[in-house]
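Structure first, commentary second.
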Amino acid sequence: EELWSLSKLGWLSLHDNSFDGALVDGIGNLVKLEGLELQGNEFDGSIPRSIGNLSNLRVLDMSQNNLIGGVPQQITSLESLTELYLQQNLFIGEVPTDVCNLMENEGLRKFWTDCGVVCSCCDRCF
């Protein structure tokens with residue numbers, strides 16, 4: 001709970017720590033974040049919609065967890081995003097086409113996801 005009140009935090013790297021449980025909406029309070037690295041844990045549940053509040057985010061790595069559901073539409077509001085890693089989770093469905101628009105505008109340079117997800121613009125799938 002205290003972590004989500006650090007609104008001036010610029011980079012959060014919690015990778016490879018065996019953290020588990022669902023990601024909470026409080027993640028959207030970290031509005032100054034430029035990097036969020038949560039890969040290699042055991043997070044489950046879906047990506048919180050509040051992720052769209054992180055307008056300064058350049059790198060988002062949620063790979064190698066147990067996240068489910070689809071890629072939320074709110075990711076498309078992350079216009080500063082240059083790298084997006086969502087592979088090796090349990091995502092289903094189709095990636096919102098607006099995520100592909102982020103790539104066409106040359107902001108998003110890398111986008112990796114699960115091969116089971118329908119994605120016309122992903123760089124790599126796993």
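Can ASP25 be described as within 18 Å of TRP4 (Cβ to Cβ), at pLDDT 90 or above, surrounded by fewer than 15 Cβ atoms within 10 Å (Cβ to Cβ) and in contact with a strand residue (DSSP E or B) (Cβ under 7 Å, 6 or more places away or on another chain)? So ASP25 fails the test.
You will find that of SER63, SER80, SER55, the residue that is open to solvent by 30 Å² or more (accessible area, probe 1.4 Å), touching a residue at least 40 places away in the same chain (Cβ under 8 Å) and outside any strand (DSSP E or B) is SER80 and no other. Can you name the residue in segment 86-110 that is within 15 Å of the chain's Cα centre (by Cα) and either within 16 Å of GLN64 (Cβ to Cβ) or without any contact (Cβ under 8 Å) to a residue 12 or more places away in the chain (or both) and, of all such residues, is surrounded by the most Cβ atoms within 10 Å (Cβ to Cβ)? It comes out as LEU86.
Collect the residues in segment 111-122 that are free of Cβ contacts under 8 Å to residues at least 40 places away in the same chain and buried (at least 17 other Cβ atoms within 10 Å of the Cβ), keeping them in residue-number order. Quick ask: steps written out before the conclusion?
Taking segment 111-122 as the starting set, the residues that turn out to be free of Cβ contacts under 8 Å to residues at least 40 places away in the same chain are 111, 114-116, 118-122.
PHE111, ASP114, CYS119, CYS122 - these are the residues of segment 111-122 that are free of Cβ contacts under 8 Å to residues at least 40 places away in the same chain and buried (at least 17 other Cβ atoms within 10 Å of the Cβ).
Of all residues in segment 30-52, those satisfying the criterion of being in contact with a Ser or Thr (Cβ under 8 Å, 6 or more places away or on another chain), within 23 Å of LEU102 (Cα to Cα) and not in a strand (DSSP E or B) are LEU30, VAL31, LYS32, GLU34, GLN39, GLY52. Scanning segment 28-39 for residues that are open to solvent by less than 60 Å² (accessible area, probe 1.4 Å) and among the polar types (S, T, N, Q) yields one hit, GLN39.
The values are calculated or read from the model by the stated rules, or taken from the named source; none is laboratory data. Just so it is clear, the model here is predicted, and its values are computed rather than measured. Backbone-built Cβ (ideal geometry, glycine too); neighbour counts: all protein chains shown. For accessibility, only protein heavy atoms count, side chains too; no ligands or nucleic acids. Shrake-Rupley method; radii C 1.70, N 1.55, O 1.52, S 1.80 Å.
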